[in-house]
Amino acid sequence: MISMKLRLSLMTAAMALSFPSLAFAELEGVYVSGAAGGSYNENSTVKGSFGKGSALYNPDIAGDAALGYAFGNGVRVEAEGVYRNSIAQGIKGGIVAPGKTGNLDAYGGIANVIYAYNTGTAFTPFGGGGLGAINVNPQHLDGLVDGNRMALAYQATLGVEYALASNLALSVAYKYLATPEYTKFMTGNGTLARVAYENHAVLLGVRYSFGTQKAAAPPPSPPPVLTKASAPAARVEVPQTYLVFFDFDKSAVTPAGEQILAKAAAAALQGKKTQIIVTGYTDTVGSAKYNMALSMRRAKAAKAVLTSHGVSTNEIVTAGKGKSEPRVPTKDGVREPQNRRVEIVFR
């Protein structure tokens, strides 16, 4: 049987090797989370003055709640409250008569370090581990092993989040919670007992972030370039370029973008332009393929707003540049609001 320490080492290595090093997309600041699911204890050895046997368990419930801080680069630290319960079928080994049951409760606190991996999509795998203390409370077989004892505990976590919004995510996670070797405590009848504790839990959760994205506000649109009047009646002065900015990883036009596109449409109709070039761009977070598709979605979204204001679809040409032509040069994996844009050029 593989020891608990070896299992934890193997799980930690798996977390380190499972995902490539990618850019991160996470708000910086305080967050809260909660999760609930199923709990299963491995069959454990029970030792005491009454003899030695193996405690057998059935699955039961588990729950977690955490308060944490995200550093905005994929690293999170959190204080987590944990609860695990398992139903004991009984103890084998000749200690007691068969058929008697009980519970094995555990609750306490764990300090975790979590590392998240950006995939350029709404899915974010994560892994981590932590140390803390849990109160192990075995209630086996009508008082044969009754009592509780606070014990050092360690935890390993693997899971994935799905972003519902920029500050709200659902998650599914596997957690391994254990105490080193045996947990020692005095039973209800004053004898010393030792119970091994290893727990597996699968939990569905939700995480809400109060953090914000630290980034400079998009610059105002460039000043208009005036055209020369060719007739006594002054022509409408039409800017050659309009800029519309987008939220991170989004292609929906914002209310501010709607206003700019409405002005561009009015100028195009009054200025009688023959061609309008609408080009989408992204920042450098995520893969080139993903960002190329995102830039095209942004261009098409801007085109849809222009046509809704009366601009002929035949006059509009759309294109996507992805992250290949940033307005503000950055390293790969950097959120830059000025690069998440659509440029509208009149010709």
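The values are calculated or read from the model by the stated rules, or taken from the named source; none is laboratory data. Please read all numbers here as calculations on a predicted model, not as lab measurements. In this analysis, Cβ positions are derived from the backbone assuming ideal geometry, glycine residues included, and neighbour counts consider all displayed protein chains.
Quick rundown of the values:
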quantity	calculated
Among residues of segment 292-347, those that are over 24 Å from LEU27 (Cβ atoms) and of a type in the set (S, T, N, Q), counted	7
Qualifying residue in segment 240-262 (condition: at pLDDT below 90 and more than 24 Å from SER166 (Cα to Cα))	yes
Complete set of residues in segment 251-280 that are of a type in the set (D, E, K, R) and either on the phi > 0 side of the Ramachandran plot or without any contact (Cβ under 8 Å) to a residue 12 or more places away in the chain (or both)	LYS272
Where a residue in segment 110-129 is at pLDDT 95 or above and its partner, wherever it lies, is surrounded by 17 or more Cβ atoms within 10 Å (Cβ to Cβ) and of a type in the set (D, E, K, R), with Cβ under 6 Å and at least six apart	ILE110/GLU80; ASN112/GLU78; ASN112/GLU80; ILE114/ARG76
